[in-house]
Amino acid sequence: MSNRNIGLAGTIAGVALAAGGAAFAGFLSQRRKGGDDDAPLYTRKQPGTDNAIVGRTVTIRKPRAELYKFWRDFQNLPQFMENVETIREEGGAHVWVIKAPAGQTVNVKTEVSQDRENEMIAWTSLDDSDIETNGEVSFEDAPGDRGTRVSLVMFYDAPAGELGRAIAKLFQREPQVQARHDLKRFKMLMETGEIATSAHTKDQTRKAKQQESGQ
Amino acid sequence: MRALTWHGTHDVRVDTVDDPEIINPRDAILKITSTAICGSDLHLYDGVIPGVLPGDVLGHEFMGEVVETGSDSTLKKGQRVVVPFTIACGGCFHCNIKQYSACENSNPAEKQDMSATLYGHPMAGLFGYSHLTGGYSGGQAEYVRVPFSDVGPIVIPDHLEDDKVLFLSDILPTGWMGAENAEIEPDDTVAVWGCGPVGLFAIQSAIVMGASKVIAIDHYPHRLELAKQLGAEVIDFRKTDVREALMEMSGGIGCDAVIDAVGMEAHGFAIDNMLDIAKQKIGIGADRASALKQAILAVRPGGRVSIPGVYGGMTDKFPLGALMEKGLQVRTGQTHVQRYTKDLLEKIEDGMLDTTFLISHRLPLEDAARGYKNFREEQDSWTKVILKPGMEQEKAA
Ligand SMILES: NC(=O)c1ccc[n+]([C@@H]2O[C@H](COP(=O)([O-])OP(=O)(O)OC[C@H]3O[C@@H](n4cnc5c(N)ncnc54)[C@H](O)[C@@H]3O)[C@@H](O)[C@H]2O)c1
Ligand SMILES: [Zn+2]
Ligand SMILES: [Zn+2]
C-alpha cells in the first residue's frame, strides 16, 4: 500500500474519497436540503448519489470563534481523531499521517478549499493524491446559550480494483461510526478539557490500546 | 488492590486487580472507606442488564478519602468525600440544565453506541454499571478512580460519620427525586411500591414534602415495619388486593401520585409476570413491570406516576390505554444526584433526614459475595449492606 494510495480513509475527516470536484460542489450546495424536505442530504434513505456520505452534527457549549480557531489549526485534530497520527503543514498544504491496518501508515495531502472565519472550513485533497477527498466542517450559533452547532460532512467513493479493496479493508472501521466518535471526542475536549475514558490504569488508555491494535 | 468483580449470573468474587491511576487532569483517586450494595446491583447480579463483562468491578455507592488528585481536580488529599453514582462533566447542555444523569460527555465516545441503539440516545457514564454506561470500574473496592472530581464529589464535614452520609451517593437522592417527581401537594395520598432502600427513602421524602397520607406496598414484614415506623400505612400485596385497598384508602378517588420503587424484577404470581420471568430467563430482554402496571391502574385520573425503579429493555402488555385515557403524567430517570447532594447533606446535618435506620449489615469487603447473596435471598432482614474495605472479618456485624 503506497503512501499515495490511501486517502483520508479511516479518519473522520479523512474518509472522504470523493467522486470529483464538480460532484462535490453540487453536493455541498445541497448539503442542508437534500430533496423535497428540509432534512440534510445525508439523512435521506437514498441520497441519490453514487458516493457514500458521512454527516453528523453536535452541539457544543462554546462560542463559534473558539471552536473554529481550534479546528482551523489542523495540527490540533489528531487530539480527537483516533486514526490520525499527525497533521503537519507543508507549503500551505496539510500532510495527514493516518493509521492503516497492520501497523502501516499512509499520508495524504490536502488544501483548504474554502475558509470563512468562524463559519466553515472545507478541505480537498491535492491533484497529486491518487484519491480525492473532500470534507467540510461548519459552525452555526445554536439557539439561546446552547453554544454552537458543529456539522461535519464528508463525501467519499472507494475506487475500483486493488486499491478499492485495500480501502474497503480500511473502512471496516465504518466511517460513520468513526466520524461520530471523533466528533463526540471533539465535543468532550472543547467542553471539558479532556476526553472521557473508563480506563482504570494508564496502560489501558485509548492511545495505548490503539497502538496495540495497529500492530 | 482487592475488589468485587462480576463473573456471571450470581457469581461475584473478591479478586486482586490493578490499582487505579490518575488518567485525566480532572481525576481523583479515593481510598474507599464505605461502599454499599444497591438494588440496582442485584439487576447485574441476576444478569438482567446487558453489557457486563467478566472481571468488571461493581459498586456505585461509595465514599472515601482523597489520596491522589489530577492537575485540574479541585479536591485535596485527605478530604472525605461522597461520590454521586452518575458521572457528570458539568459543562455540557444537560449538565448546564442540571440533568446530570444525561451528561453527554461522561460516557466514552466508543462506548456510547450500544445504549444509543437501545434507547435512541447514549446514556451518561455510571460507576460500576456495565459497559452500556461506560464500563467504569466501581467502588466496591479498596480504591477507585473518580473522573470529573471537581463536579461530583461532595466534601463531608468530619463530625458526620460514614453511615450518615454514604447514601448521598445514590439511594437518598433517588428516593427524594422519586418523591419530587410525584409533585406532592399537602392533601395528597401517595402510594409507594417497594419498601427497599429506594422505596423507604421515597416514603420518608414524601412525608417531609407534606403528603397527607403515604401508603407503602411490599410483602416483607420487616420492610413493611420500617415503612410504618417512618409514618406510612402499609399493604402486604400477598394478602390484600392492592388496587381495591388503595381505592378504599384514598376515599374512592384513587392515589394522587404513585411511585414505582420496585423496577424490572418485580415479584408476584400474576400470569403476565410469570411469563415475563420466563422471558427474562431466556434472555429476550423483557422487563417485569407488574408493580408499574398496578400503579398505573391505581393512580387517579390526572395523577402523577413517578418511576425511580430501573428498567432496561421492553415490556409486554403495558396499560397504555389507562395512561392516555386517564391523562397521567409520567416522570422517571436515573437520578440527577449532583442536583441534590448539597441540600440533602444539610437536611442530614439538621436531623430532618435519617439514613442509618436502613443499615442492617456491615461487612468487610472480603465478604462482599456473601453480602450479595443475602441481600438478594434474605431481603426481609437484609435491608442494606455496607462493605468496609478496612474492616477485619471477625468484627463483622
Ligand atoms: N432511578 C435511579 O437512579 C435508581 C437508583 C437506585 C436504585 N434504583 C432502582 O430502584 C429499585 C429499588 O431499589 P432498592 O435498592 O430499593 O431494591 P430492593 O431490591 O432492595 O427493593 C425492592 C423491593 O420491592 C419489593 N417488591 C417486589 N415486587 C413488588 C411488587 N410487585 N409490589 C410491591 N413491592 C414489590 C421487594 O419485595 C423489595 O422489598 C431498583 O429497580 C433499583 O435498580 C434506581
Ligand atoms: Zn444504587
Ligand atoms: Zn455533562
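The values are calculated or read from the model by the stated rules, or taken from the named source; none is laboratory data. Just so it is clear, the structure is predicted and the values come from calculations on it, not from any experiment. For neighbour counting, all protein chains shown are included, and Cβ atoms are generated from backbone atoms with ideal geometry for every residue, glycine included. Please note that ligands, DNA and RNA were not included when accessible areas were found on the heavy atoms of the full protein model with its side chains. Shrake-Rupley method; radii C 1.70, N 1.55, O 1.52, S 1.80 Å.
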Practice task
Compute the FRET efficiency between A:Ala65 and B:Asp72 as 1/(1 + (r/R0)^6), taking r as their Cβ-Cβ distance and R0 = 35 Å, and round to the nearest 0.05.
Solution key: 0.90
Problem - Averaged over B:98-111, number of beta-carbon atoms from partner chains that fall within 10 Å - result: 5
Fill in the blank from the handout: Partner lysines whose C-alpha sits under 17 Å from that of A:Lys45, ignoring same-chain residues fewer than 8 away, are A:Lys33
Exercise for the section: Could you work out the local net charge near B:Gly196, counting Lys and Arg as +1, Asp and Glu as -1, over the other residues with Cβ closer than 9 Å to its Cβ? Expected result: +1
Practice task
Give me the accessible area of B:Tyr45, 1.4 Å probe, in Å² rounded to the nearest 10.
Solution key: 20
Problem - For peptides B:118-127, B:156-165, sequence by mean Cβ density within 10 Å, most packed first - result: B:118-127, B:156-165
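Per residue of chain B, what 222 nm ellipticity follows from adding -39500 (n - 2.57) for every DSSP H run with n ≥ 4, rounded to the nearest 500? The partial results should precede the final answer.
On the way: 13 runs with 108 residues, N = 397.
Roughly -7500 deg cm²/dmol at 222 nm, from the helical runs in chain B.
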Exercise for the section: Kindly provide the trypsin sites (Lys or Arg not before Pro) of segment B:282-338 that DSSP labels as loop, not H, G, I, E or B, and whose Cβ sees at most 16 other Cβ atoms within 10 Å. Expected result: B:Lys317
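From the protein chains alone at 1.4 Å, what is the descending order of accessible area for A:Glu140, B:Glu244, largest first? Could the numbers behind the result be given before it?
Working: A:Glu140 85, B:Glu244 110 Å².
Largest accessible area first, the residues go B:Glu244, A:Glu140.
Roughly how crowded by other chains is peptide A:180-192, in terms of the mean Cβ count from those chains within 10 Å of each of its Cβ atoms? Working shown, then result.
Working: counts 5, 6, 1, 1, 8, 4, 1, 5, 9, 1, 2, 9, 16.
What the average comes to for A:180-192 is 5.
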Completion exercise
For A:Asp37 and B:Asp187, extending 7 Å from Cα along the Cα-Cβ vector and measuring point to point gives, in nm, a value of 4.7
Fill in the blank from the handout: Filtered hits (lysines, Cα-Cα < 25 Å from B:Lys342, offset >= 8 within chain) -> B:Lys31, B:Lys76, B:Lys77, B:Lys98, B:Lys164, B:Lys384, B:Lys388
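Looking only at other chains, what is the average number of their beta-carbon atoms within 10 angstrom of each beta-carbon in B:134-145?
On the way: counts 3, 4, 5, 4, 0, 0, 0, 0, 0, 1, 1, 5.
Mean partner shielding for this stretch: 2.
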Handout entry: Rough spin-label spacing in nm, given labels placed 7 Å along Cα→Cβ, for B:Val208 and B:Asp19
Key = 3.8
Exercise for the section: Work out the count of Lys pairs in segment B:174-330 where the Cα-Cα distance is under 29 Å, with the pair 8 or more places apart or on different chains. Expected result: 18
Fill in the blank from the handout: Carbon and sulfur atoms account, in whole percent of the 1.4 Å probe accessible area of segment B:175-332, for 57
Problem - Separation of the A:Gln79 and A:Asn118 label points, Cα + 7 Å toward Cβ, nm - result: 2.1
Handout entry: Where B meets A: accessible area buried, both sides, 1.4 Å probe, Å²
Key = 2500
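Could you order A:Lys45, B:Lys384, A:Lys202, B:Lys111 so the one with the most accessible surface comes first? Probe is 1.4 Å. Walk me through the numbers before you get to the answer.
Working: A:Lys45 200, B:Lys384 0, A:Lys202 120, B:Lys111 45 Å².
Descending order: A:Lys45, A:Lys202, B:Lys111, B:Lys384.
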